[in-house]
1. With only alpha-carbon pairs counted, each pair once and no self-pairs, how large is the Kirkwood hydrodynamic radius of region 196-280 in angstroms?
2. What length, rounded to one decimal in nm, is gained on full extension from LYS234 through to LYS218, with 0.36 nm per residue of separation minus their alpha-carbon distance?
3. Ratio of Rg to Rh for region 132-235, alpha carbon only, Kirkwood?
4. Across region 33-169, how large is the tail of the calculated P(r) beyond 18 Å, expressed as a percent of all Cα pairs?
5. Ranked highest first by average number of other Cβ atoms within 10 Å, how do 263-270, 49-56 line up?
6. Expected output is a single nm value to one decimal: the length gained when fully extending between MET131 and LYS71, i.e. 0.36 nm times separation in residues minus the C-alpha distance. What is it?
7. Counting helices only, and only those DSSP H runs with n ≥ 4, report the 222 nm mean residue ellipticity of the chain as the sum of -39,500 (n - 2.57) divided by its residues, in deg cm²/dmol to the nearest 500.
8. Would you please report the Å³ per residue occupied by the convex hull of the alpha carbon atoms in region 53-117?
Amino acid sequence: MNKLSLSTLFLLCSFTVCFGQYSAISSPAGFDTFIEGIPHGRLDTISYASKTVGTNRKAVIYLPPGYNVKKKYPVLYLLHGIGGDEFEWLNNGKPQHILDQLYRDKKLTPMIVVLPNGRAMTDDRATGNIMAADKVEAFSRFERDLLDDLIPFVEQKYSAMTNRENRAIAGLSMGGGQSLNFGLGNLDKFAWIGGFSSAPNTRAPEQLLPDPATAKSKIKLLWISCGDQDNLIKISERTHEYLSSNGIPHIFYIEPGHHDFKVWKNDLYQFAPLLFKGDK
Ligand code: FER
């Protein structure tokens, strides 16, 4: 079997498109590198007053190439993992290069991407024992910081659309768990939701989706992915099984790999083009 048909076979086997239409593309070599001579997005850092934490908190913003205040853009909140902060995606995942290239290839609906710090506590650095109870709890407190403090700030400072159909949340590991918990728990705020290699902070399926019928009518995209060598894969499988048995359309994507940025970069490359499109 030649290389092409092997990879085609892999995609057919590994992408489970549950109740939806989806054709996969695989991320090409160099998809995460800086390319000279193409339009580039712009990075900003912001500082917002958090009533939730009682401090000024920081986030990084990626504005699409050609960002124009005369237009309004949908917004993706893209969350980091337990060892990270608002710079983790930038430093390790290079979303700015991945997105620049997807724009060049006309695969993206122009959007604002927000990289928050999901550890909502006074000292929100990833130092010391990152598994300490107070630090893990801060990932759950971030729900209020996000909804009450960060989102209003972003929507006031940038030219953003403010309805649920134009708001997405996705993240890796702890951030994947946050995205599923906060996204599915606030379907009046988010319509596009992705969990990449979601961690044990992910709520049990019955708590995550107590009302499958309402969820089904509101979700535009629900993406669950994980590397096949990841020790946390059971969390994604458990979520997928519940979604399937309750007839909730979603993408379940198992890819070769561990718990690392090779997987998460590929996830961003596959996931971002699905956002803010008319069809699921
Ligand atoms: C755990 C294992 C992994 C856990 C969190 C993680 C809170 C998170 C990993 C990551 O974000 O990469 O038991 O408990």
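1. One over the average 1/r among Cα pairs gives 13.5 Å for region 196-280.
2. So the chain would gain 3.2 nm between LYS234 and LYS218.
3. 0.98
4. Tail of the P(r) past 18 Å holds 55 percent of the pairs.
5. 263-270, 49-56
6. Extra length available between MET131 and LYS71 comes to 17.4 nm.
7. Value at 222 nm, helices only: -9000 deg cm²/dmol.
8. Considering the Cα atoms of region 53-117, their hull volume per residue is 103 Å³.
The values are calculated or read from the model by the stated rules, or taken from the named source; none is laboratory data. Computed from a predicted structure; not experimentally measured. Here Cβ is always computed from backbone atoms with ideal geometry, including for glycine, and neighbour counts include all displayed protein chains. Remember, those area values only see protein heavy atoms, side chains included, never the ligands or the DNA or RNA. Shrake-Rupley method; radii C 1.70, N 1.55, O 1.52, S 1.80 Å.
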